[in-house]
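Working notes for the structure below.
The values are calculated or read from the model by the stated rules, or taken from the named source; none is laboratory data. Since the model is a prediction, treat every value here as computed from it, not as a measurement. No Cβ is skipped: glycine too gets one built from the backbone with ideal geometry, and neighbour counts run over all protein chains shown. For the accessible areas, the whole protein counts, side chains as well, though only heavy atoms, and no ligand, DNA or RNA atoms are used. Shrake-Rupley method; radii C 1.70, N 1.55, O 1.52, S 1.80 Å.
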Amino acid sequence: MSTPFHLHEKMILITGASSGIGRQMAISISQMGGTVVLSGRRKEELDKTITLLTGPYHHYAVADLLVEEERNRLIAAVPPLDGFVHCAGVVNPFPIRFLDQKKMDETFKINYEAPVLLTAGLMKQKKLNKNASLVFMSSISGQHPHKGGAMYGSSKAAIETFAKVVALEGYPQGIRCNVLSPGMVKTPMYEQAEQDMSKAEMDKHVARYPLGPGLPEDVANAAVFFLSDASRWITGVNLTLDGGFLL
């Protein structure tokens, strides 16, 4: 059966593919017929991700996107791309009174500077095919920040604005750019939160999600849609994935 939702013959770069949502992105994209190039800092984890993929021809490049030489090496190594999903990121919650330059840099360099400079390099080196689709990971914290989330929420709001500019500058080549903003998803970060919070606190927070916490597959499925031709008329959109939390 013919469907516009498949990713056959599409080459997709995924950053942050070592674990969590990034790993599931790679799995889901490969299951839909896409060929993936994985990027991350941990070779052993990328090796594990590769074993979970469907189909041949997938490969990876170990790279720290904060190091210019490694970022440039990744850009030079990737083939022409039909899609790009940026999943690498950190939370780093800090009350405002404890913020300093180092803490700001720790969050903004990973959540904002790295994807911006990588995207700029891919565009400059003409590594994005016509009609390519870019997907950036934000969070509901970008528009609905929480206590301690000044740097995290601000970095996500910044990437949302950047994505809209990519959409504006990319449309003459048919290049689309959209954002996914999930709420709480069951990833290693979720597991860490379970350990850091009391059971009563965690249960109270989970109860605010009418459809329950999300799974990595829920976010990956939305990315597959944005990467596929089924979303060819959608660009500059920020899609909230929160199981009804903001209701």
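With the requirement that a residue be in a helix (DSSP H, G or I), closer than 20 Å to ARG71 by Cβ and touching a Cys at 6+ places or on another chain (Cβ under 7 Å), what does the stretch 1-47 give you?
Of the stretch 1-47, the ones in a helix (DSSP H, G or I) are 20-31, 43-47.
Pick out the ones that are also closer than 20 Å to ARG71 by Cβ and you get 22, 25-26, 43, 45-46.
Selection gives GLY22, MET25.
Across the stretch 83-108, which residue is nearest to the chain's Cα centre (by Cα) among those that are under 18 Å from GLY16 (Cα atoms) and in a strand (DSSP E or B)?
Restricting to residues being under 18 Å from GLY16 (Cα atoms) and in a strand (DSSP E or B), the top hit is HIS86.
Matching residues to (1) touching a Gly at 6+ places or on another chain (Cβ under 7 Å); (2) closer than 24 Å to GLY183 by Cβ:
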| site | (1), (2) |
| --- | --- |
| ILE14 | yes, yes |
| SER19 | no, yes |
| ILE27 | no, yes |
| ARG41 | no, no |
| HIS58 | no, no |
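Quickly run through the stretch 8-18 and pick out the residues that are open to solvent by less than 40 Å² (accessible area, probe 1.4 Å) and either of a type in the set (D, E, K, R) or in contact with a helix residue (DSSP H, G or I) (Cβ under 6 Å, 6 or more places away or on another chain) (or both).
Those that are open to solvent by less than 40 Å² (accessible area, probe 1.4 Å) and either of a type in the set (D, E, K, R) or in contact with a helix residue (DSSP H, G or I) (Cβ under 6 Å, 6 or more places away or on another chain) (or both): LYS10, ILE12, ILE14, GLY16, ALA17, SER18.
Here are VAL135, VAL206: which of them is in contact with a Leu (Cβ under 7 Å, 6 or more places away or on another chain) and either at negative phi or small (Gly, Ala, Ser) (or both)? Let's see the steps before the verdict.
Working: VAL206 fails: in contact with a Leu (Cβ under 7 Å, 6 or more places away or on another chain).
None of the other options fit; the residue is VAL135.
Determine which single condition GLY212 fails, assuming it passes every other condition in (1) open to solvent by less than 80 Å² (accessible area, probe 1.4 Å); (2) in a helix (DSSP H, G or I); (3) at pLDDT below 95; (4) not hydrophobic (A, V, I, L, M, F, W, C).
All conditions pass for GLY212, except number (2).
Among the residues of the stretch 48-77, count how many are assigned to a loop (DSSP other than H, G, I, E, B) and surrounded by fewer than 18 Cβ atoms within 10 Å (Cβ to Cβ).
Final tally of qualifying residues: 8.
Here is a check on your reading of the model: is GLY236 over 13 Å from the mean Cα position of the chain (by Cα), modelled with pLDDT of 95 or more and open to solvent by less than 20 Å² (accessible area, probe 1.4 Å)?
no
Out of the helices (runs of 4 or more DSSP H) lying entirely within the stretch 109-208, which hold 2 or more residues that are hydroxyl-bearing (Ser, Thr, Tyr) and surrounded by fewer than 20 Cβ atoms within 10 Å (Cβ to Cβ)?
150-170
Quick one: would you say ARG42 is within 20 Å of the chain's Cα centre (by Cα), under 23 Å from LYS186 (Cα atoms), exposed (fewer than 15 other Cβ atoms within 10 Å of the Cβ) and among the basic types (Lys, Arg)?
Working: within 20 Å of the chain's Cα centre (by Cα): yes; under 23 Å from LYS186 (Cα atoms): yes; exposed (fewer than 15 other Cβ atoms within 10 Å of the Cβ): yes; among the basic types (Lys, Arg): yes.
Yes: the conditions hold for ARG42.
Could you go through the stretch 116-127 and let me know if any residue there is among the small types (Gly, Ala, Ser) and out of contact with any Gly (no Cβ under 9 Å at 6 or more places or on another chain).
yes
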